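Here you go, one structure.
The values are calculated or read from the model by the stated rules, or taken from the named source; none is laboratory data. Remember, it's a predicted structure, so these values are computed and weren't measured experimentally. Glycine gets a Cβ as well: all are built from the backbone with ideal geometry, and neighbour counts include every protein chain shown. The protein model used for the area step is the full one, side chains on, heavy atoms only, and it has no ligands, DNA or RNA in it. Shrake-Rupley method; radii C 1.70, N 1.55, O 1.52, S 1.80 Å.
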Amino acid sequence: QYGPWDVILDDASHISPFTIESFKAYWQYLKPGGLYIVEDLEVSYHLDWWGNPDPDRAGAGGPTIMQFLKGLTDDVHYKHGGGGPNRLRIAGGRIESMAFYPGMCIVEKAAV
């Protein structure tokens with residue numbers, strides 16, 4: 001009954017598989033041109049949070065949230081390189097841009 005939203009701030013679980021599933025579930029409810037913010041990314045590197053100190057290896061529950069977000073950067077650059085929209089097939093619209101900050105990533109949904 002709520003949404004679509006201009007901004008989604010994901011501060012829910014610190015467990016990567018749950019954060020990834022939240023992104024996949026809520027992305028479709030973000031307005032075109034909206035921002036999806038994921039914070040506490042440092043848990044990707046902590047074993048206590050199902051992460052892995054080795055950024056190239058999955059955590060206890062599968063890919064870390066950082067590995068997932070790094071993969072999404074392909075979606076941005078793939079289209080820029082002429083590969084067409086939404087190579088990763090994320091339901092609800094393609095990614096316009098992504099910005100990484102310490103412990104946080106801001107994902108901008110394409111306006112069209």
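Would you mind checking the tilt of helix 65-80 against the longest principal axis of the Cα atoms of the chain, expressed as 0 to 90 degrees and rounded to 10?
Orientation of helix 65-80: about 30 degrees from the principal axis.
Here's a follow-up. Tally up the carbon and sulfur contribution to the accessible surface of the chain as a whole percent, 1.4 Å probe, everything protein left in place.
Details: 3610 of 6530 Å².
Answer for the chain is 55 percent, counting heavy atoms of protein chains only.
Under 5 Å between amide H atoms, partner at least 5 residues away or on a different chain: which partners does TRP5 have, H built in plane at 1.01 Å?
Counting only residues 5 or more places away or on other chains, the set is LEU30, LYS31.
Shifting gears a bit: Work out how far the C-alpha atoms of the chain reach from end to end along every principal axis, then list the three figures in whole Å, largest first.
The Cα atoms of the chain stretch 39, 37, 22 Å along the principal axes, largest first.
Under a point spin-label approximation (7 Å from Cα along Cα-to-Cβ), what is the TYR26-TYR45 distance to one decimal in nm?
About 2.4 nm separates the two model spin labels.
I'd like to check one number: the per residue accessible area of the chain, probe 1.4 Å, reported in Å² as a whole number.
Working: 6530 Å² over 112 residues.
In whole numbers, the chain has 58 Å² accessible per residue.
Tell me, what ³J(HN,Hα) does each residue in the range 5-19 have, in order and in whole Hz, if you take phi through Karplus 6.51 cos²θ - 1.76 cosθ + 1.60 with θ = phi - 60° and put x for Gly and Pro?
Going residue by residue, I get 9, 7, 9, 10, 10, 8, 10, 7, 8, 9, 9, 3, x, 6, 5 Hz, with x marking Gly and Pro.
Please report, in debye to the nearest 20, how large the charge dipole of the range 1-49 is about its Cα centre when each Lys and Arg carries +1 at its beta carbon and each Asp and Glu carries -1 there. Walk me through the numbers on the way to the answer.
Numbers: 2 positive and 8 negative charges, 65 e Å.
Taking the Cα centre of the range 1-49 as origin, the dipole is about 320 debye.
Could you order HIS14, HIS46, HIS77 by accessible surface area, starting with the largest, using a probe radius of 1.4 Å?
Working: HIS14 55, HIS46 90, HIS77 125 Å².
In descending accessible area the options line up as HIS77, HIS46, HIS14.
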